[in-house]
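For reference, the structure is listed below as structure tokens.
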Amino acid sequence: AQSVSQHNHHVILSEAASLELGCNYSYGGTVNLFWYVQYPGQHLQLLLKYFSGDPLVKGIKGFEAEFIKSKFSFNLRKPSVQWSDTAEYFCAVTKPYNQGGKLIFGQGTELSVKP
Amino acid sequence: GAVVSQHPSRVICKSGTSVKIECRSLDFQATTMFWYRQFPKQSLMLMATSNEGSKATYEQGVEKDKFLINHASLTLSTLTVTSAHPEDSSFYICSARYPDTQYFGPGTRLTVL
């Protein structure tokens, strides 16, 4: 069965620090990869996604993620965080939907950015 | 685009009653919708997959008779929690797939007294 693991439960950074959140998955076939963000009191929003092509994916708000197939990883990065990036971040993985894929979430990483 | 709404956003009910939660895709048609449950400070757990015009597929451990799902149209899926009990109190989130990305509703906070 698919599983998704996020390495950090809670990350605390100061503004302007660089961010990298780890995500590993356990499915060996073709996968679609996502990062979602949940700001306090708000619903899940899509940050970025990877289906195929360039393994370095750029998303909204300056976020990017790199797919490394050999490591089964899809880490999220941002060069310089802002206070407004304080939120819960979820990595999610699915097989292609035409293969019966279901979106499975990692445990989430809470990011706190100090002003 | 790709907006999903849920109604109600918050509901409090007495033990033994049933509660219906609606999930709508506002600006697209979704052949597949999903229902998740989120516990405080935890991730989302998939409860069931709902396909328009057919029976929902439930994940292991989810009681299909307690959590009734109806996907009557391409823009509406409903989750009915039947004979709710305090342990059913949770945050229920729906999502709709379009075309290969899931978009999430704002969630419904259910409190069973």
### Query
Considering segment A:1-49 alone, what residues qualify as being touching a residue at least 60 places away in the same chain (Cβ under 8 Å) and acidic (D, E)?
A:E15
### Query
So which residues in segment A:23-49 are surrounded by 17 or more Cβ atoms within 10 Å (Cβ to Cβ) and not in a strand (DSSP E or B), if there are any at all?
A:V31, A:H43, A:L44
### Query
In this structure, does A:S52 turn out to be free of Cβ contacts under 8 Å to residues at least 40 places away in the same chain, polar (S, T, N, Q) and assigned to a loop (DSSP other than H, G, I, E, B)?
yes
### Message
Restricting to segment A:88-115, give me the number of residues that are on the phi > 0 side of the Ramachandran plot and either of a type in the set (V, I, T) or surrounded by 14 or more Cβ atoms within 10 Å (Cβ to Cβ) (or both).
### Response
1
### Message
Restricting to segment A:9-21, count the residues that are surrounded by fewer than 16 Cβ atoms within 10 Å (Cβ to Cβ) and either of a type in the set (S, T, N, Q) or in contact with a Cys (Cβ under 9 Å, 6 or more places away or on another chain) (or both).
### Response
2
### Task
For segment A:7-56, enumerate the residues that are within 26 Å of B:Y92 (Cα to Cα) and among the charged types (D, E, K, R).
A:K49
### The one condition in (1) surrounded by fewer than 19 Cβ atoms within 10 Å (Cβ to Cβ); (2) within 14 Å of chain A (Cβ to nearest Cβ); (3) part of a strand (DSSP E or B); (4) not aliphatic (A, V, I, L, M) that B:F34 fails to fulfil
(1)
### Message
Among the residues of segment B:68-113, what is the count of those that are assigned to a loop (DSSP other than H, G, I, E, B) and of a type in the set (G, A, S)?
### Response
5
#### Entry: Sole residue being over 30 Å from A:C23 (Cα atoms) and of a type in the set (F, W, Y), chosen from B:F39, B:F67, B:F34
B:F67
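Conditions tested, residue by residue: (1) closer than 26 Å to A:E88 by Cα; (2) among the β-branched types (V, I, T); (3) in contact with a Phe, Trp or Tyr (Cβ under 9 Å, 6 or more places away or on another chain).
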{"site": "B:E22", "(1), (2), (3)": "yes, no, no"}
{"site": "B:S25", "(1), (2), (3)": "yes, no, yes"}
{"site": "B:Y36", "(1), (2), (3)": "yes, no, yes"}
{"site": "B:S54", "(1), (2), (3)": "no, no, no"}
{"site": "B:E63", "(1), (2), (3)": "no, no, no"}
{"site": "B:N70", "(1), (2), (3)": "no, no, no"}
{"site": "B:L76", "(1), (2), (3)": "no, no, no"}
{"site": "B:E87", "(1), (2), (3)": "yes, no, no"}
{"site": "B:F91", "(1), (2), (3)": "yes, no, yes"}
### Query
Do any strands (runs of 3 or more DSSP E) entirely within segment A:57-115 hold 1 or more residues that are of a type in the set (A, V, I, L, M, F, W, C) and within 11 Å of chain B (Cβ to nearest Cβ), and if so, which?
A:87-94
### Task
Examine segment A:102-115 for a residue that is over 12 Å from the mean Cα position of the chain (by Cα), among the basic types (K, R) and closer than 27 Å to B:R37 by Cβ, and state whether such a residue exists.
yes
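For (1) out of contact with any helix residue (DSSP H, G or I) (no Cβ under 6 Å at 6 or more places or on another chain); (2) more than 12 Å from chain A (Cβ to nearest Cβ); (3) more than 22 Å from A:I104 (Cα to Cα); (4) crowded, with 17+ Cβ neighbours inside 10 Å, each residue gets a yes or a no:
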| position | (1), (2), (3), (4) |
| --- | --- |
| B:D27 | yes, yes, yes, no |
| B:L44 | yes, no, no, yes |
| B:E59 | yes, no, no, no |
| B:E63 | yes, yes, no, no |
| B:H71 | yes, yes, no, yes |
| B:T78 | yes, yes, no, yes |
| B:V81 | no, yes, yes, yes |
| B:D88 | yes, yes, no, yes |
| B:V112 | no, yes, yes, yes |
### Task
Would you be able to tell me the number of residues in segment A:1-49 that are at pLDDT 95 or above and either of a type in the set (D, E, K, R) or more than 25 Å from B:W35 (Cβ to Cβ) (or both)?
15
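The values are calculated or read from the model by the stated rules, or taken from the named source; none is laboratory data. Note that this is a predicted model, so its numbers are computed, not measured. Neighbour counts run over all protein chains shown; Cβ positions are idealised from the backbone, glycine included.
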